[in-house]
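Report on one structure; see the data block that follows.
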Amino acid sequence: MSNSTTNFTTTRKRLLFFVLAITFLFVMLFGRLACIQLIQGRELQQRATQQWYRELPLRAPRGHIYDREGRVLVDNRDVFSIYVRPRAVVDKPSLARTLSGILFLDEQKILESISRVVSEVTIARRVEEPIAEQIRSLNLDGVYLAPETIRNFPHKHSLSRVLGFTNIDNQGQSGLEVFYDVFLRGSNGFTLTNTDMAGRETEDTVTRYVPPIPGANMELTIDSNIQSFADFAVMSAMQEWGANSASMIVMDVRDSGIVAMSHTPHFDLNDPPRDDIELLNALSKNTMIVDVFEPGSTFKIFTTAAALEHGLVTVDDRFHCIGHNVVDGQRIRCWRTIGHGSQTLREGVRNSCNVVFMNLGARLGIDRLYNALENFGFGSRTNIDFFGESPGLMVPRSYVKNIDLARIAFGQAVAVTPLQLINGVSAVVNGGVLNEPHFVRSITDFQGRTIMNRGAREVRRVISPETSAIMNELLEATVADGSGRRAQVPGFRIGGKTGTAQKYIPGGGIAQGRYISSFVGFAPVDNPRYAILMLVDEPSKGAYYGGIVAAPHAGDVFSRIFDYINLAPTTLPIPPNTVTMPLLVGRTPQEAAAILRNMDIHFEISGEVNPDQSVIQSTLPIPGTQMPANSVVLLRLRE
């Protein structure tokens, strides 16, 4: 092969290699450009934006919360966040000194923050408008103000355990604020401003504005006026009886909407005690939903309803009480240790006789009683729109003995939440339908469009309308002429049941002298609308019976509600005859009982009756007190 041919071949190979190399480089270049444009484009755009734009957050205002009549329960108040862009600050020590003097913050800490190599630092949050305006007027280089909102509670302490509160970022932390946070919180916005490399705004600055979207608004089942009645009642009861706490639920029996829920002690929602986490947790815990208690005699409502529903008793069936029953060899006392004698079911309910209900429990048996209680919602959560609800405590059915059955039938050996109790009572008196309790009626977005409407949610029928009507009649008699007399409102028909339950110490055992006094009632009897549960925890000023401690405050709230809704009386009020409390100290219970019966005064006895030794040590009210006939008085026996 000639040299010319060899040279030509070599040249062609070199040219081909060169062309291939150029082609490869172009492919690599276009591939890299495609990668930058298609894959890394968004990230690189964001980096460029961070270098040439400064973002100022605009926090979304939370939605407002209203009561059922459109009155504000929670809204927002305008405040400001203070930001500094360190690159735009010429004299950092001077700026730190200025901001420290206005905001009352540590000057050295501010200087350290704005000396860091960052694009932006937050100096202060939730700055009130007058202070923010003072900073704005100084026109400080690199200092920016961003508007935000904080929650405002016009009623301060009211509903503190229901509404809940938010953290510094306006995120719900407790109560309805956290349960409905996804609806209330909204979506944050921001502003983007052109800056130079030092972070200073350029002369031809263009600001892009992305507005925040406010959170949704909620309308609750709460009526703020009735809530104020409940707030007054629990404060009065706590002070009058020297109690640890007092609480009240008002429920609409037609749909189980919560009309009022009050608990004391409470706290100002505008200023939660955040510096004491243990106290904050205790004060924000909604015990009406998350805690359980032994219901005592109020639970007899469900035993009676179950026995009537199964046809195991009539209102005229007779029972005999000698002051106790013997079950499986154990003696179980009636609260009235001298006994009630012979009485009908109607009288037994009115007298709250434990012996009557032990007999009803025996007639029902374990399975029928447990089926009934489970139907009323005991032992399971009600599914209220609130976190932390307890299902209550019931002895497992397979472990229940006859003695347990007897105690459960009159409200011992079982623990329920106050919410479960009043919701079950609402089912008894509303015609027999158990509904799902709730706080929220509707949710609408910031433009007024409906997101959710919440009406009655029926769970199941628990008793017949006929049984419900009989129960209403029996419970009306308890208020008209039984232990619930002090809940009466002249001219109106009210039904209800009192309860007095002993408390237990951790690990078991009765806590001597510690009680929960209760009353649950409803009105009007002929067309039930409202139910009220009143609880007084550990009254310490002598009396502890529910009929004396809790019933009067429930009656006061009923009276205020009737005035508020302009409910006309259905009966003619009868002016009460007044009697004078006699001197009974030193007499035996039998002597005192004879005197009081002749005066049309009803009584309850505190202490164990010993026929040979028992004498009256003191009375409530004291001798000489003027009071209406048919009042209930307390006789305390000498220990």
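The values are calculated or read from the model by the stated rules, or taken from the named source; none is laboratory data. All values reported here derive from a predicted model rather than from experimental measurement. Every residue, glycine as well, gets a Cβ built from its backbone with ideal geometry; the counts of neighbours run over all protein chains shown. Accessible surface is based on the protein model in full, side chains and every heavy atom, while ligands, DNA and RNA are left aside. Shrake-Rupley method; radii C 1.70, N 1.55, O 1.52, S 1.80 Å.
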For the range 247-341, please list each of the helices (runs of 4 or more DSSP H) lying entirely inside it that holds at least 1 residues being small (Gly, Ala, Ser).
277-284, 300-309
Looking at the range 357-377, can you tell me whether even one residue there is crowded, with 20+ Cβ neighbours inside 10 Å, at pLDDT 95 or above and not in a helix (DSSP H, G or I)?
yes
Filtered residues of the range 218-248 (kept if of a type in the set (S, T, N, Q) and either open to solvent by less than 10 Å² (accessible area, probe 1.4 Å) or within 19 Å of the chain's Cα centre (by Cα) (or both))
221, 224, 225, 227, 228, 244, 245, 247
When you scan the range 113-198 for helices (runs of 4 or more DSSP H) that lie fully inside it, which ones turn up with 3 or more residues that are within 24 Å of residue 440 (Cα to Cα)?
160-163, 175-179, 181-184
From (1) of a type outside the set (Gly, Ala, Ser); (2) surrounded by 15 or more Cβ atoms within 10 Å (Cβ to Cβ); (3) more than 30 Å from residue 126 (Cα to Cα), pick out the condition that doesn't hold for residue 272.
(3)
Go through the range 533-575 and count every residue that is more than 12 Å from residue 494 (Cβ to Cβ) and in contact with a strand residue (DSSP E or B) (Cβ under 8 Å, 6 or more places away or on another chain).
17
Matching residues, the range 344-401, being under 18 Å from the mean Cα position of the chain (by Cα) and aromatic (Phe, Trp, Tyr)
386, 387
Of all residues in the range 169-187 being at pLDDT below 90 and in contact with a strand residue (DSSP E or B) (Cβ under 6 Å, 6 or more places away or on another chain), which is most open to solvent (accessible area, probe 1.4 Å)?
187
Single condition residue 459 does not satisfy, out of (1) open to solvent by 10 Å² or more (accessible area, probe 1.4 Å); (2) touching a Leu at 6+ places or on another chain (Cβ under 9 Å); (3) assigned to a loop (DSSP other than H, G, I, E, B):
(3)
The range 156-168, subset crowded, with 24+ Cβ neighbours inside 10 Å and among the small types (Gly, Ala, Ser), residue nearest to residue 387 (Cα to Cα):
164
Within the range 321-356, count every residue that is within 21 Å of residue 602 (Cβ to Cβ), open to solvent by 50 Å² or more (accessible area, probe 1.4 Å) and in contact (Cβ under 8 Å) with a residue 24 or more places away in the chain.
6
Restricting the search to the range 549-561, which residues are open to solvent by less than 10 Å² (accessible area, probe 1.4 Å) and either under 12 Å from residue 230 (Cα atoms) or part of a helix (DSSP H, G or I) (or both)?
549, 551, 554, 555, 557, 558, 561
Which of the following residues is part of a loop (DSSP other than H, G, I, E, B) and open to solvent by less than 60 Å² (accessible area, probe 1.4 Å): 385, 404?
385
